[in-house]
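The values are calculated or read from the model by the stated rules, or taken from the named source; none is laboratory data. Source: prediction; values computed, not measured. Here the Cβ positions follow ideal geometry from the backbone for every residue, glycine too, while neighbour counts run over all protein chains shown. Side chains are part of the model used for accessible areas, which takes the heavy atoms of the whole protein and leaves out ligands, DNA and RNA. Shrake-Rupley method; radii C 1.70, N 1.55, O 1.52, S 1.80 Å.
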Amino acid sequence: MTTLVFGHKSPDTDSTGSPLIWDWFLNHTGIPAKAVLLGNPNTEAAFVAKRWGFDLPQIIGDVEAGQKCVIVDTNNPAELPAGINAADVVAIIDHHKLVGGLETKAPINITIRPLACTATIMHQMMGDHAAHMPEGIKGLMLSCILSDTLAFRSPTTTPVDKELAEQLAADLGLDLNGYADEMFTAKSDVSAFSDEELLRMDSKEYAVAGTKFRISVLETTSPRVLLDRKDSLMAAMPGVAAADGVDQVVLFIVDILNEEATLLVPNDLTKVLAEKSFGATVDGDIVVLPGIMSRKLQIIPALTL
């Protein structure tokens, strides 16, 4: 049986590139595998796939009972297909905190390491096989690292991620900063997306004191483009929250170049969340949070009501 490899439901570059990387590795080592996606990838991920000569993987809605699969870049059942616990999960490769709730049919290989990027972990796991990576796989791996570290600006960056990215860029003959700029330009082009799509594009569900939130993050080098849409984005939040079964959508617009986040504040609940979580003073419908770049390290752990 072919093993499916996939990440979470809101595919960013790591959740698009890492399944393709592990697809290559498993097939390289004699295990039939196929990368798939659980949703439409963002513009940066689409750019990266095309840049390195890959078609975007097929999008699937669920997995069949007994289907062998490898989960990457998440271990959260809320971010996975509804039928995941009936599937045959054979491995998890991730860099997020352990959530719990997944059931497996037998003992499996679980690799969760405190690195900035799933692709970095995969490189470590490949061992000597990494020397056989073709140019396209190296390009995907470099792209995943640059995306997840925001070109080393994010506090999630580790020396291991940075060293590997620099090595891959040298192997590929790329100017690392120039290529990162190309990626971030692609990520910042959101003109084709509706407000609802933007609110779901890079988001995770998280409960705070019994209140369910969809925590959305949009990383961009052009924050003004998104801030010009703040009224319509806030107007779309109640509908997205109702459709997705959460109490509130919270949107952070991360300015990659200025290394700060702007939080949209549509109501008193979000105002309280901002003030208690970040010590912010909220006077209007936005609040700027200097130095806030990472949902994983700086946003999620801080949230309180």
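Here are the numbers for the structure shown:
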{"quantity": "When residues of segment 24-72 are limited to those that are among the aliphatic types (A, V, I, L, M) and assigned to a loop (DSSP other than H, G, I, E, B), the one surrounded by the fewest Cβ atoms within 10 Å (Cβ to Cβ)", "calculated": "Ala65"}
{"quantity": "Qualifying positions in segment 92-112 - in a loop (DSSP other than H, G, I, E, B), open to solvent by 20 Å² or more (accessible area, probe 1.4 Å) and within 19 Å of Thr16 (Cα to Cα)", "calculated": "His96"}
{"quantity": "Condition check for Pro11: surrounded by 18 or more Cβ atoms within 10 Å (Cβ to Cβ), assigned to a loop (DSSP other than H, G, I, E, B) and in contact with a Pro (Cβ under 8 Å, 6 or more places away or on another chain)", "calculated": "yes"}
{"quantity": "Among the candidates Asp195, Asp244, residue that is touching a helix residue (DSSP H, G or I) at 6+ places or on another chain (Cβ under 6 Å) and open to solvent by 20 Å² or more (accessible area, probe 1.4 Å)", "calculated": "Asp195"}
{"quantity": "Failed criterion for Val89 (all others in (1) open to solvent by less than 50 Å² (accessible area, probe 1.4 Å); (2) in contact with a strand residue (DSSP E or B) (Cβ under 8 Å, 6 or more places away or on another chain); (3) modelled with pLDDT under 95 hold)", "calculated": "(3)"}
{"quantity": "Every pair of residues 6+ apart whose Cβ atoms lie under 7 Å, when the first sits in segment 1-16 and is within 14 Å of Ile84 (Cα to Cα) and in contact (Cβ under 8 Å) with a residue 12 or more places away in the chain while the second is among the acidic types (Asp, Glu) and part of a loop (DSSP other than H, G, I, E, B)", "calculated": "Gly7/Asp73; His8/Asp73"}
{"quantity": "Single residue of Ser222, Ser203, Ser232 found to be modelled with pLDDT under 95, more than 22 Å from Ala78 (Cα to Cα) and either surrounded by fewer than 20 Cβ atoms within 10 Å (Cβ to Cβ) or not acidic (Asp, Glu) (or both)", "calculated": "Ser222"}
{"quantity": "Residue pairs meeting the criteria (Cβ under 7 Å; at least 6 apart or on separate chains; first on the phi > 0 side of the Ramachandran plot, in segment 101-118; second of a type outside the set (Lys, Arg) and surrounded by 15 or more Cβ atoms within 10 Å (Cβ to Cβ))", "calculated": "Gly101/Pro77"}
{"quantity": "Residues located in segment 113-124, provided they are touching a helix residue (DSSP H, G or I) at 6+ places or on another chain (Cβ under 9 Å) and either open to solvent by 70 Å² or more (accessible area, probe 1.4 Å) or in a loop (DSSP other than H, G, I, E, B) (or both)", "calculated": "Arg113, Leu115, Ala116, Cys117, Gln124"}
{"quantity": "Some residue of segment 157-170 being part of a helix (DSSP H, G or I) and at pLDDT below 95", "calculated": "no"}
{"quantity": "Failed item in (1) open to solvent by 70 Å² or more (accessible area, probe 1.4 Å); (2) under 25 Å from Asp148 (Cβ atoms); (3) modelled with pLDDT of 95 or more, with Ala261 passing the rest", "calculated": "(1)"}
{"quantity": "Lone unmet requirement of (1) under 19 Å from Pro41 (Cβ atoms); (2) in a strand (DSSP E or B) for Leu198", "calculated": "(2)"}
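This table checks each residue for (1) under 24 Å from Arg153 (Cβ atoms); (2) of a type in the set (Ser, Thr, Tyr); (3) touching a strand residue (DSSP E or B) at 6+ places or on another chain (Cβ under 8 Å).
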position: Asp181; (1), (2), (3): yes, no, no
position: Val190; (1), (2), (3): yes, no, yes
position: Glu197; (1), (2), (3): no, no, no
position: Pro223; (1), (2), (3): yes, no, yes
position: Gly239; (1), (2), (3): no, no, no
